[in-house]
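Below: the structure, in structure tokens.
The values are calculated or read from the model by the stated rules, or taken from the named source; none is laboratory data. The structure presented is a predicted model; accordingly, all values stated were derived computationally and were not measured. So basically every Cβ, Gly included, is an ideal-geometry build from the backbone, and we count neighbours across all protein chains shown. Areas reflect the complete protein model, heavy atoms only, side chains present, ligands, DNA and RNA absent. Shrake-Rupley method; radii C 1.70, N 1.55, O 1.52, S 1.80 Å.
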Amino acid sequence: MMFGCTRRKCIRTVGVLPVVFVVCLVAWSYYAYMFRFYPKLVYPNSLVQSGLYFVLLHFLLVMFVWSYYRVVSTSPGHPIKIVAVPPSSTRLVPRGIELNEGVRRADYPPPLIPISHVADSNMGSGDSLLEEESDRGYTAVSLHREDDEDLRASARPLETKRDGGRRFCTKCNNWKPDRTHHCSVCEKCVLKLDHHCPWVNNCVGFANYKYFYLFVTYTMLYCLFIFFTMMGTILWYGGDDLMKGLYGIDFHTIMLFIVSGIFALCLLVFVAVHAGLISSNKTTIESMEGARRVRLEDNSVRLARHVNIYDLGAKENFLQIFGANWRLWFVPLPTSLGDGHSFPYNRETYRSLLEV
Ligand SMILES: [Zn+2]
Ligand SMILES: [Zn+2]
């Protein structure tokens with residue numbers, strides 16, 4: 001116990017360092033650009049150009065810092081602690097767990113609720129349903145659009161363990177909803193865990209993935225902006241003039257040019273990879289897992305190896321994370337759909353698994 005507390009405190013302390021590093025790097029980049037490079041940005045008729053640069057730089061900086069703050073400070077989402085009490089007032093206990101007196105191992109999972117009988121719900125009424133369902137040991141139902149038959153969320157977990165039993169975290173002593181994984185750094189289960197990111201000292205999961213993606217995208221744009229506006233100046237004046245006449249050998253200017261170029265390139269790859277994951281509705285973990293076990297209506301368990309049951313098509317996949325209101329797509333405000341405990345699944349893929 002003592003060791004656990006020390007380790008947690010240690011991780012928390014060390015985990016802050018990358019965040020401090022990022023903040024210092026941003027502050028330095030702003031200083032180097034605005035106080036070393038920008039004042040000497042003398043183009044012919046440069047008023048409009050330098051004004052445009054000023055506005056664009058500050059816009060990107062505000063969006064990037066805002067997104068960063070949101071991803072650092074927002075909990076990725078953790079599963080509701082479920083005390084599973086079936087109608088017979090015995091608790092559901094997964095295999096491998098010691099049984100206490102008065103607790104019996106119930107058949108698991110409970111009988112399926114036909115999809116057509118699943119209560120409809122939208123974002124607004126999600127909370128009450130969540131409580132009601134969690135009391136029954138099920139996760140909440142969350143629908144993307146009530147009128148879309150093919151976008152129903154599962155009323156109960158689809159994913160199962162290797163032996164067909166319900167996924168359970170022995171470290172948290174709690175059920176694991178679909179797409180939930182345990183983070184060994186945070187020592188908690190995280191809804192739709194993507195990965196633990198040391199640069200934000202937080203897990204990236206269901207509730208903050210949008211902020212994370214906006215953060216890396218705006219950071220990339222910020223770096224690209226700095227790199228290309230500096231390159232424009234170099235090309236305009238010629239390398240020699242920049243070095244000798246305009247700026248001299250200014251450490252901050254040269255370093256910013258190099259650092260922004262390297263960061264822009266790395267982040268470009270990162271943004272592209274995550275764009276691919278978003279369009280196919282996969283997390284980083286899921287893209288590496290390759291296969292998952294799915295329990296179907298007939299209570300059989302299938303190994304979905306080369307299909308992603310959550311893939312609703314690129315457009316719907318995008319809307320799951322960025323929301324239905326296009327005005328808020330690129331603003332770091334909470335617009336992701338659902339509750340993180342259950343997810344809409346592709347009915348065609350589901351049917352194809354039934355036919356296997
Ligand atoms: Zn856990
Ligand atoms: Zn974590």
Problem - Some residue of segment 38-59 being at pLDDT below 50, exposed (fewer than 13 other Cβ atoms within 10 Å of the Cβ) and not aromatic (Phe, Trp, Tyr) - result: no
Handout entry: In segment 283-303, the residues that are modelled with pLDDT under 80 and small (Gly, Ala, Ser)
Key = 290, 291, 300
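Let's see how each residue does on (1) over 14 Å from the mean Cα position of the chain (by Cα); (2) in a helix (DSSP H, G or I); (3) surrounded by 12 or more Cβ atoms within 10 Å (Cβ to Cβ):
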position	(1), (2), (3)
294	yes, no, yes
298	yes, no, no
311	yes, no, yes
315	yes, yes, no
Completion exercise
Inside segment 201-232, the number of residues satisfying the requirement of being near ligand 2 (Cβ under 10 Å from one of its atoms) and open to solvent by less than 10 Å² (accessible area, probe 1.4 Å) is 3
Practice task
Answer yes or no as to whether residue 81 is modelled with pLDDT of 50 or more, assigned to a loop (DSSP other than H, G, I, E, B) and open to solvent by 80 Å² or more (accessible area, probe 1.4 Å).
Solution key: yes
Problem - Yes/no for residue 185 being in a loop (DSSP other than H, G, I, E, B), open to solvent by 50 Å² or more (accessible area, probe 1.4 Å) and either within 8 Å of ligand 1 (Cβ to nearest atom) or touching a residue at least 24 places away in the same chain (Cβ under 8 Å) (or both) - result: yes
